[in-house]
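As structure tokens, the structure follows; a few thoughts come after it.
The values are calculated or read from the model by the stated rules, or taken from the named source; none is laboratory data. A quick note: this is a predicted structure, and the numbers were derived from the prediction, not measured. Cβ placement follows ideal geometry from the backbone for every residue including glycine, while neighbour counts extend to all protein chains displayed.
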Amino acid sequence: MIRSPCKIILWKVHPWYNGGMRTVMNDKEEFKKAVIESCINGTITVKVAADRLDFSERYVKKLKARYKKIGASSMIHGNCGKQPKHTINANIKSKIWEIWSTPELEECNFTHFQEILEEDFYGDTKEYCLHGFIDDATHQVTGLYMCENECMHGYLEVTRQNFKNFGVPLALYADGSSIFFPKDKKLTIEEQLVGITEPTTQYGRMMKYLGVDLIHAGSSQAKGRVERLWNTLHDRLRTEFRRHNITTIEEANEFLKTYIPKFNKRFSIEPKSQKSSFMRLTKYVNLDYLLSVKYTRTVDVSNCISISGTTFVIDTKEILHK
């Protein structure tokens, strides 16, 4: 599902580590200590010390000053004992070791083991695209839907959720995707003949029908709210999918319907004004018809039309071709 590469590292514990804090210098640090001591004692010059350690003379002078102030322990690397930011959680390490120790994997190589880990931790290892809307005033997620890639279908399903559960918004901030905004700014002759005055997209046509303004957000900063939402969902949904044993995109989309209210309860805020800008969807609007992609095709002499290489026969006795 939503996932990021997971690097697995098996650590070897050396005797000079004490609960993660190293107290004994390794060979490289012992050599550095000996050279700096010789430099301090005047046995060798700073230049010679720099050549032996392959450091700059300026850095050797810093090491001398640090040694005089702190002592020999200053030769141990400064990050020693600190927990790296990318450290794998102890529970995950324990789980990995538990899987690795099973008799069935005794002759398993590391490449195969990595594939097994991906199955155990992520289920379906294929990556999917999450479509979503978030209300700028309340920080409430108004729709989530997952597809194999970013597509019109995903955005139409999120729009459907938004309209049914919250209402019709005044405006939508969207990126420069061709789903929302036309790449070609010129009108075709057919468009001019039917009275279209400015180029638009299928999605733009739907929003214009309901009076929703589509605003082009030209950068990630302009869409800051939803960009931060992706970071939060990326972390949380991977865990939630594992907790609920969700391994298919169909199961994920069913789960998202119940997850949205829980997420909003945790992260939404009170708006500055209690007056909602969402307009209730009127009964005369057929949502299925509105949120449908419409194409213009010419009927041939056999009452057939072709869309994306597929031929459709219109079931009528009337001859439609004129």
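Any idea which residue in segment 246-257 is surrounded by the fewest Cβ atoms within 10 Å (Cβ to Cβ), counting only those that are among the polar types (S, T, N, Q) and modelled with pLDDT of 85 or more? This residue is T248.
A count restricted to segment 286-322 and to residues that are in contact with an Asp or Glu (Cβ under 9 Å, 6 or more places away or on another chain), assigned to a loop (DSSP other than H, G, I, E, B), closer than 30 Å to M207 by Cβ and not aliphatic (A, V, I, L, M) stands at 1. When segment 44-99 is limited to residues that are of a type in the set (F, W, Y) and crowded, with 16+ Cβ neighbours inside 10 Å, the one that is modelled with the highest pLDDT turns out to be F55. Determine, yes or no, whether T282 is among the β-branched types (V, I, T), surrounded by fewer than 13 Cβ atoms within 10 Å (Cβ to Cβ) and not in a loop (DSSP other than H, G, I, E, B). Judged against the criteria, T282 is not a match. When residues in segment 34-43 are screened for being in a helix (DSSP H, G or I) and either farther than 13 Å from V60 by Cα or at pLDDT below 85 (or both), 1 of them pass.
Here R266 meets each of (1) in a helix (DSSP H, G or I); (2) surrounded by fewer than 13 Cβ atoms within 10 Å (Cβ to Cβ); (3) in contact (Cβ under 8 Å) with a residue 60 or more places away in the chain with one exception, condition (3).
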